[in-house]
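Undergrad: Before I ask anything, let me first share the structure, which is written out below as structure tokens.
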Amino acid sequence: MAQFDVYENENQETRQLFPYLLDAQAEMLNNLPTRVVIPLLAISEISKPIPVLNPVFDIEQTQVLMSTPQLVGIHTALLGRKVCSIQDKRDEVIAALDLLFTGY
């Protein structure tokens with residue numbers, strides 16, 4: 001598991017709204033049984049994303065936005081199939097987390 005990997009959401013109750021989960025946890029903590037993930041929301045579900053806080057990504061030909069305020073810790077066994085990495089979008093992810101935690 002690596003930071004910025006994107007996984008399918010295996011939760012039947014939330015999968016339609018949040019098809020993917022973004023791993024936001026540092027790799028040095030891979031020995032923990034949980035990962036901090038950020039749900040990736042189907043872009044059609046939100047009318048006014050907040051710039052910087054909600055970056056938009058294309059995952060498997062689906063536009064999703066990072067629902068940063070809804071980050072959560074989940075057990076690694078609940079992560080679905082890894083679909084890609086958005087390591088190349090690191091700056092956007094970190095900027096969203098900075099805004100959430102520091103207001104900047």
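Undergrad: Using +1 at the C-beta of Lys and Arg and -1 at the C-beta of Asp and Glu, which of 28, 4, 17 has the Cα lying farthest in the positive direction of the dipole of the chain?
TA: 17
Undergrad: Select from 77, 24, 42 the residue whose mean-square fluctuation is largest in a Gaussian network model of the chain (Cα-Cα springs shorter than 10 Å).
TA: With Cα springs under 10 Å in the chain, the top fluctuation among 77, 24, 42 is at 77.
Undergrad: Here's something else I'd like to know. Counting only C-alpha contacts under 8 Å and six or more residues apart, can you give the relative contact order of region 5-102 as a whole percent?
TA: Working: 164 pairs, mean separation 32.4, N = 98.
After rounding, I find 33 percent.
Undergrad: Could you go through region 76-83 in sequence order and give the Karplus-derived ³J(HN,Hα) for each residue, using 6.51 cos²θ - 1.76 cosθ + 1.60 with θ = phi - 60°, rounded to whole Hz, and x for Gly and Pro?
TA: Those phi angles translate into 4, 5, 8, 6, x, 5, 5, 9 Hz.
Undergrad: Sticking with this one: May I ask you to derive the relative contact order of region 1-43, considering only C-alpha pairs under 8 Å and at least 6 residues apart, and to give it as an integer percent?
TA: Values: 65 pairs, mean separation 17.5, N = 43.
Relative contact order here is 41 percent.
Undergrad: Turning to a different aspect of this structure: 222 nm [θ] for the chain, helices only, -39500 (n - 2.57) per DSSP H run of 4+, per residue, to 500? Walk me through the numbers on the way to the answer.
TA: Values: 1 runs with 13 residues, N = 104.
One gets -4000 deg cm²/dmol as the mean residue ellipticity at 222 nm.
Undergrad: Over 10 Å intervals from 0, what percent of Cα-Cα pairs in the chain sits in each interval?
TA: Calculated P(r), rounded to whole percents: 16, 52, 29, 3.
Undergrad: Of 68, 76, how do they rank once you tally other Cβ atoms within 10 Å and put the fewest first?
TA: Values: 68 22, 76 14.
Listing 68, 76 from fewest to most nearby Cβ atoms yields 76, 68.
Undergrad: Let me ask another. Roughly how many debye, to the nearest 20, is the charge dipole of the chain about its Cα centre, given +1 on each Lys and Arg Cβ, -1 on each Asp and Glu Cβ, and no other charges?
TA: So the dipole magnitude of the chain works out to roughly 120 debye.
Only the coordinates and a few stated rules stand behind these numbers; no lab work does. As the structure is a computational prediction, the values presented were derived from the model and not from experiment. Note that we place each Cβ from the backbone using ideal geometry, even for glycine, and neighbour counts take in every protein chain shown.
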